[in-house]
Each structure stands twice: as C-alpha cells, then as structure tokens.
Amino acid sequence: MGVAFAVMWSSAFTSARIIVASAPPLTTLAIRFAIAGLIAIAIARLLGQDWRLTKGQWRATLIFGLCQNALYLGLNFVAMQTVEASVAAIIASSLPLWVALAGRAFLGDRLNAAGLVGLLAGFAGVVLIMGSRISAGVDLGGLALCGLGVLALTLATLLVRGASSGGNVLMIVGLQMLVGSVILAFVGLGSETWVVDYSWTLAAAFTYTVLVPGLAATWVWFTLVNRIGSVRASTFHFLNPFLGVAIAALLLGEQITRIDYLGVAIITAGILVVQISKRSPGRVKSLTGT
C-alpha cells in the first residue's frame, strides 16, 4: 500500500501540469473534487458507511479538506502554470521533513542525533535544488505558492489520524473532497474565466487525476495511516522525490540536471533517516490528541 501510494501521489504532479496548461486551475480542481467526492460517498453508502461522524472526525475532516484539498492542491495547481512538475514534486516531497520539524517544535516530539542529521540533510537537498532552479530563472511566485502548499499539507498530515480513526474511511474521503470542492469553486468562479483548450490529453489527465491520485491515493493514505500511524506511513514519502522527478521527465520531457539528481538523492536519504529514527517511542501525535 505504501509503494502504491508513493507512485500515485508522485504521478499527480505530471497530470496536474497537463491539466493547468489547458484549463483554469481552481475551477477544474473544484470539478475534480466534486466528481471524486460523490463517487467516494456513493461507494461508501454501498458498503454500509454513513456520515454520522464524531465531533472530532467532523472537525478533522473539515480541516483536512481545507488544508490538503483547497490550500495544498489549489496552490500547487496555480503554481504549476509557471513551475515545472518536477519542481513542485520536489518541494511537496519534503513533507516528512516539515512534519518532523513541526513535531519537534510544537508537539514535543524528540529527534535523536541521526534524526537531526537527516532533517538537516533533507533541507540541504531542497536548498541545493531550489538554488539551482532560481539561478536558472524559475518563477519565484510559483515557487512560493508550492512552499505555502507544503506547509498546509504538513498541518493536514498531523490531523489525518484523527479524521480516519473510528471507521467510515471512504465516507470521510468523500466528505473532505466536497469540502475542498466548495471552497475552490467559490474562489475559482470569482477569479477565473472558463476558457478550456479541449483535447484527448486533457480528458485523459483529468480522468486519471480524479480516479487515481484523487480517489485511490487518498483512500490508501487514510487507510495506511490508520493501520500503521502517520510517522511510519510518512516513510514511504522518501520514494516521492525520485518518482516525482522521474515521471515528469518520462511523460513531459522535463530536463533533469546533475544537481537535481544529487539534490533528490540527498532529500531521499534525509527523509529516510528521519523516519527510521522516529520509529522508536516518541512519535508525532496528531493535533486531535489521538
């Protein structure tokens, strides 16, 4: 499940890059979430799940829908109008590093010497790649949006355990997608013009994004975190820097430099060291106290 999630999650940047090149990002993303959310709720009902959630689940689901779907994905979709998919993937792949840092700063989680080294190495890899891309003229506005997005996703990751505990996982997936859809539709319809360059590549990318990164990957992530915890589940993110860059290069022909390869290797190693170091007692707790 962890490897499958990593592949699906990493591929989302490439499909998103295809979509935003032909359609308004926020409105399209709102439509995606509406479709995927209704599908998830319909399947959940067929499986006997309902929306009678606990107060804690409702609160966490609303926050997750806001942080991941509206903020993280909304900001990334807008950013990828000017930023390559590989850059967005690398920034988003630093998620476990930010989770570890947030746990240390706000939740009292402790990192041993190896964890601190891994954390510093991971951020050094990000700085190395971003420094190279900035020198090459990457759009700084898009880069900033990607950075804000990963911070929002950090908060969502800390909250996900509270949203999924207690059952009704697929129903929660659908509900948090509808939360994101409503927020993005409100913003998108008020700020974007519906101009679309229709093509089979757009249709394929949109369908894939709805069903695979949107629906399947979200369900796998909720289930994985509920089974093994957010810290151990986040270990699989160490695959994302490599997979995100590789998929973008393969399908979009994005150029990868030697510095990119070196930076991805450093980030991957740093993430892996941080997560392995935190398998001992003292895991990050979610903000809901579960």
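Just so it is clear, none of the values below were taken in a lab; they were calculated from the coordinates. Values in this document were obtained by computation on a predicted structure and should not be read as measured data. Methodologically, a virtual Cβ is constructed for each residue, glycine included, from the backbone with ideal geometry; neighbour enumeration extends over all protein chains shown.
What to note about this one:
- Between the listed residues VAL169, ALA40, TRP200, the Cα displaced farthest toward the positive end of the dipole of the chain, a dipole computed from Cβ unit charges relative to the Cα centre, is found at VAL169.
- Taking amide H atoms as placed 1.01 Å from N in the peptide plane, the amide H of GLU254 lies under 5 Å from those of ALA249, each 5 or more residues away in sequence or on another chain.
- With a cut-off of 14 Å between beta carbons, the residues surrounding ALA88 carry a summed charge of -2, where Lys and Arg count +1 and Asp and Glu -1.
- Under the criterion of Cα pairs below 8 Å and six or more residues apart, the relative contact order for the range 2-277 equals 43 percent.
- When the chain is described by a simple charge dipole with +1 on each Lys and Arg Cβ and -1 on each Asp and Glu Cβ, the residue from ALA23, ALA100, GLY244 located farthest towards its positive end is ALA100.
- Rh (Kirkwood; distinct C-alpha pairs) - the range 2-277, Å: 18.7
- In the range 151-260, the ratio of gyration radius to Kirkwood radius, Rg to Rh, stands at 1.02 when only Cα atoms are counted.
- Helical segments meeting 15 Å axial Cα length and Kyte-Doolittle 0.0 threshold in the chain (DSSP H): 2-20, 25-46, 95-106, 113-135, 140-164, 169-191, 217-228, 240-252, 258-277
- Note on the chain: with charges restricted to the Cβ of Lys and Arg (+1) and Asp and Glu (-1), its dipole about the Cα centre is near 1120 debye.
- Once both labels are positioned 7 Å from their Cα atoms along Cα-to-Cβ, the gap between ASP50 and TYR198 label points is 4.2 nm.
- The alpha carbon centroids of the range 207-276 and the range 66-98 are separated by 12 Å.
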